[in-house]
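Working notes, beginning with the structure itself.
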Amino acid sequence: MSVPIKRGEDQKISIDMTPMIDIVFQLLSFFIFTLRISAQEGDFMIKMPLNARAAGTPDPDQTPPIKIRLRAGTDGSCQDIIMNDRSFGGGIDGFKRLHQEVASLVGDGSLTSEAEVELDCDYNLKYENVIRVITAVSGERQPNGDILKMIEKIKFSPPKPPPIE
Amino acid sequence: MKFKSRSGGGSVEIDMTPMIDICFQLLTFFCFILNFSGAEQDERVQLPASTLAKPPEKAAETPITLQVTREGRVIAVGQTLPTPSDVLPLLNLERTLLEQKGQSPADATIIIRGHRDAKTGVIQELIKVCQTAGFEKFTLRAKEEQS
């Protein structure tokens, strides 16, 4: 790169670009090598206040939580989903049926902020099933990308002891 | 940049401007997509997928990230701990630090990044340990799944 000087006739000052290009290439290489392509991550809020663990008489003004029981198979897969003593079966279809049932319960969305789900899971249940059931009760994604909310309050029952082997 | 031609005494000048332009554009692109939040990611933890997993609109005020591997080990503050109960001393330390700043553990959010095949019982044990230390707010992290 040479910069012409107006005052002079043919005089040019040559600027050595090599160090700058070196640095730019080094930075570029750094960013390319440290680039990690990963899926976006999102959070599901769970409220587990300390006083909720204490046993006591239930609050009459509060809607009782919808209890969902997740039974695990020996391999940790979800064998059965039971909501209010009704079985929805296991696997992907079980989660779909649960989603439809919760959607019909919540209806027009007026219960979204009030309704609460309590998850009662087997110790060995694979964690991905918990996320699936939370997804099934939390809402659904609309074709335009928006999320239609169903139940926002989710909590866990006290943990079960590990099975004796 | 000048090159001397072998045949004659003249020099050939290459215009470096377009290359520098492209380099800077690439550099700017990589700077913008650099994700610092990925620093908490660990290859041992493969998150479960959910169609509803969406990045939060605003970041948690005082996040504490706990990761659970497939084997049930807990990764906290760069340390790998064998069981959830081993996290308690670290959480008590966090609690002390929060109290020194005039905050309470209830203000903090525990972000749980559990491996998709981890046992739910271990995750629940971890939540129970956090409750013992006074933490109340939890978020379960999942990766976005295209529906």
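The values are calculated or read from the model by the stated rules, or taken from the named source; none is laboratory data. Note that the structure is a prediction, hence the values are computed from the model and not measured. Here the Cβ is made from the backbone with ideal geometry for all residues, glycine too, and neighbour counts use every protein chain on show.
Considering only the stretch B:50-91, how many residues are in a loop (DSSP other than H, G, I, E, B), surrounded by 14 or more Cβ atoms within 10 Å (Cβ to Cβ) and among the aliphatic types (A, V, I, L, M)?
Adding up the residues that qualify gives 3.
Please go through the stretch A:121-165 and give me each residue that is over 19 Å from the mean Cα position of the chain (by Cα) and part of a strand (DSSP E or B), ordered by number.
Of everything in the stretch A:121-165, nothing turns out to be over 19 Å from the mean Cα position of the chain (by Cα) and part of a strand (DSSP E or B).
Evaluate the following for A:Gly145: is it within 10 Å of chain B (Cβ to nearest Cβ), surrounded by 18 or more Cβ atoms within 10 Å (Cβ to Cβ) and over 20 Å from B:Gly114 (Cβ atoms)?
no
What's the total number of residues in the stretch B:105-133 that are at the interface with chain A (Cβ under 7 Å from one of its Cβ atoms) and more than 16 Å from the chain's Cα centre (by Cα)?
Residues meeting the conditions: 12.
Which of the residues that make up the stretch A:142-165 are β-branched (Val, Ile, Thr) and touching a residue at least 40 places away in the same chain (Cβ under 8 Å)?
Selection gives A:Ile151, A:Ile154.
Six or more apart or on different chains, Cβ under 6 Å: which pairs go from a residue in the stretch A:115-141 that's more than 9 Å from chain B (Cβ to nearest Cβ) to one that's part of a helix (DSSP H, G or I)? Could you list them?
Matching pairs, first to second residue: A:Val117/A:Val137; A:Ala136/A:Phe95; A:Ala136/A:Leu98; A:Ala136/A:His99; A:Val137/A:Val102.
Right, A:Phe25: modelled with pLDDT of 80 or more and surrounded by fewer than 10 Cβ atoms within 10 Å (Cβ to Cβ) or not?
No; evaluated as a whole, the condition is false for this residue.
Being within 12 Å of chain A (Cβ to nearest Cβ) and charged (D, E, K, R) narrows it down to one residue among B:Glu136, B:Glu99; which is it?
None of the other options fit; the residue is B:Glu136.
Under the condition of being surrounded by fewer than 18 Cβ atoms within 10 Å (Cβ to Cβ) and acidic (Asp, Glu), which residue from the stretch A:74-115 is modelled with the lowest pLDDT?
A:Asp108
Can you tell me how many residues in the stretch A:65-115 are farther than 15 Å from A:Ala136 by Cβ and charged (D, E, K, R)?
The total comes to 5.
Scan (1) at pLDDT 90 or above; (2) closer than 20 Å to A:Phe44 by Cβ for the single condition B:Lys143 breaks and write down its number.
Condition not satisfied by B:Lys143: (1).
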